[in-house]
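One structure below.
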Amino acid sequence: MKNNPKVFFDYVKKQDDRDTKVGPFKIKDEYIYDAKKICNLLVNQYNSQFSDNKYVPEVNKEIFSNTQKEDLTDIEINEKDIIDAIGELNTNSAAGPDGIPAIFLKNTKHSIATPLTIMMRKSLDEGKIPDIFKLAYVTPIHKGGSKLKPEQYRPVSLTSHLMKIFERVIKRTLMIHLAQQNLLNQGQHGFVPGRSTQTQLLQHYCDVYETLAEGVRMDTVYLDFAKAFDKVNHNILLQKLAKHNIKGKIGIWIQEFLNNRKYRVVANGEMSDIQDVLSGVPQGTVLAAVLFIIMIADIDEKVRNSIVRSFADDTRISKKIKSDEDKDMLQKDLEIIYEWANDNLMSFNDNKFEQMSNGETKDIATKPYITPSGNEIMMKNTIKDLGVTTSSNLLFREHIDNIVTASKNNVRSTL
């Protein structure tokens with residue numbers, strides 16, 4: 001392993017290969033083996049996760065036409081941008097619906113840079129994207145639990161590598177714009193350069209230890225969004241793009257990128273019929289992440305007394321508790337976030353909410369906070385926080401024990 005670690009890890013991967021066969025599914029008392037029917041059942045499952053854009057007035061292109069000096073309206077595209085974007089393609093990822101593999105694009109990048117630059121310029125100028133670039137092939141991946149249930153398979157989308165080149169050029173420009181105009185939510189640690197799960201955990205636990213040093217406690221409520229990426233309402237997102245000064249040709253192009261997207265489920269050698277994507281940031285695309293953080297950037301805009309931090313959609317809200325009034329303030333800020341979610345057509349799995357108290361405040365009892373549906377939030381002594389098992393006493397023994405046990409099991413399974 002020391003001399004050639006690749007051989008070892010190739011062996012481990014081979015031993016860990018999973019069965020890619022989907023199903024059979026059990027619906028009521030009937031077992032479904034037919035591949036086409038399995039695809040259609042998965043379609044029903046995935047379609048149920050969309051929100052309905054009809055509840056929000058359709059956004060007209062004019063929203064992007066009233067531009068000002070600070071607005072991002074267009075970009076300069078050169079061959080270096082295209083070549084750099086091609087260099088970031090993952091050659092291990094399968095080709096999308098257009099059938100063009102990433103390895104081909106990488107091997108020919110200097111030859112195709114000029115025509116791709118012209119092609120992207122034309123796409124931006126006209127605000128048009130070919131339909132094949134807005135189609136995804138969705139592969140169902142078993143996520144645990146019973147393989148007899150369609151809901152136990154998460155969708156993984158394959159999209160065009162050629163389109164990803166254009167998306168990377170746009171994304172780079174968007175991130176520069178958001179950073180320069182200080183439009184990134186300071187509590188958002190997902191998909192932002194220089195931030196990560198580690199930076200979020202460090203900030204949170206620094207706050208906790210500072211609170212304990214004051215002799216009081218910190219209450220934290222961990223929220224759980226329901227299918228957050230799939231529920232993003234396109235019309236609301238487009239309004240937020242304009243609010244973030246993303247207008248002109250860029251705004252119109254992103255609107256075209258979101259509109260009339262399609263997908264097909266691919267399973268057991270069969271395909272479903274083509275389906276409409278009704279909502280959500282498009283899975284499997286490069287732009288999905290930046291569009292999502294724009295969507296939820298204002299989640300804490302009206303929160304006045306508590307700290308809100310997120311890693312993508314994993315969101316927590318914390319407050320120092322020195323008095324009963326502080327508990328009421330945290331509950332009020334929770335309700336502000338519930339209202340934000342309702343206004344943005346996002347929903348919660350409030351039965352999965354958890355709360356933890358670190359430390360104690362003299363004469364101030366610990367009690368559950370309340371969910372959007374009026375139920376008490378589960379009070380926990382141990383929580384898995386962005387992959388780290390932590391406890392109310394801030395000891396990490398369980399996390400260390402879990403890592404040791406998992407490592408032993410992995411070694412045994414490869415021998």
Hey, can you tell me all the residues within region 256-266 that are surrounded by 16 or more Cβ atoms within 10 Å (Cβ to Cβ) and out of contact with any Gly (no Cβ under 8 Å at 6 or more places or on another chain)?
-> F257, L258, R261, Y263, R264, V265, V266
Any idea how many residues of region 97-117 are over 15 Å from A85 (Cα atoms) and without any contact (Cβ under 8 Å) to a residue 12 or more places away in the chain?
-> 1
Looking only at region 304-321, decide whether some residue is part of a loop (DSSP other than H, G, I, E, B), crowded, with 21+ Cβ neighbours inside 10 Å and more than 16 Å from the chain's Cα centre (by Cα).
-> yes
Tabulated pairs, region 40-53, first in contact (Cβ under 8 Å) with a residue 24 or more places away in the chain and farther than 17 Å from N342 by Cβ, second of a type in the set (D, E) and part of a loop (DSSP other than H, G, I, E, B), C-beta under 9 angstrom, 6+ apart or interchain = N40/D273; V43/D273
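Go through the residues of region 171-180 one by one and say whether even a single one is outside any helix (DSSP H, G or I), at pLDDT 95 or above and out of contact with any Phe, Trp or Tyr (no Cβ under 6 Å at 6 or more places or on another chain).
Filtering region 171-180 for residues outside any helix (DSSP H, G or I) gives none.
No; the residues of region 171-180 include none that is outside any helix (DSSP H, G or I), at pLDDT 95 or above and out of contact with any Phe, Trp or Tyr (no Cβ under 6 Å at 6 or more places or on another chain).
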Scan region 221-236 and give yes if some residue there is within 22 Å of M120 (Cα to Cα), of a type outside the set (D, E), crowded, with 19+ Cβ neighbours inside 10 Å and within 18 Å of the chain's Cα centre (by Cα), otherwise no.
-> no
Identity of the residue in region 48-59, at pLDDT 75 or above and not hydroxyl-bearing (S, T, Y), that ends up nearest to Q152 (Cα to Cα) = Q49
Out of region 354-381, which residues are polar (S, T, N, Q) and in contact with a helix residue (DSSP H, G or I) (Cβ under 6 Å, 6 or more places away or on another chain)?
-> N358, T371, S373
Please give the number of the condition D71 fails out of (1) at pLDDT below 90; (2) of a type in the set (D, E); (3) within 30 Å of N342 (Cβ to Cβ).
-> (1)
Determine which single condition G187 fails, assuming it passes every other condition in (1) more than 25 Å from K128 (Cβ to Cβ); (2) free of Cβ contacts under 8 Å to residues at least 40 places away in the same chain.
-> (2)
Picking from R217, R195, which residue would you name as being more than 21 Å from the chain's Cα centre (by Cα) and modelled with pLDDT of 95 or more?
-> R217
Any residue in region 267-276 that is modelled with pLDDT of 95 or more, surrounded by 21 or more Cβ atoms within 10 Å (Cβ to Cβ) and β-branched (V, I, T)?
-> no
Got a sec? Which strands (runs of 3 or more DSSP E) wholly within region 338-415 have at least 1 residues that are without any contact (Cβ under 8 Å) to a residue 60 or more places away in the chain and either out of contact with any strand residue (DSSP E or B) (no Cβ under 6 Å at 6 or more places or on another chain) or surrounded by 14 or more Cβ atoms within 10 Å (Cβ to Cβ) (or both)?
-> 382-385, 388-391
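The values are calculated or read from the model by the stated rules, or taken from the named source; none is laboratory data. Please read all numbers here as calculations on a predicted model, not as lab measurements. Note that we place each Cβ from the backbone using ideal geometry, even for glycine, and neighbour counts take in every protein chain shown.
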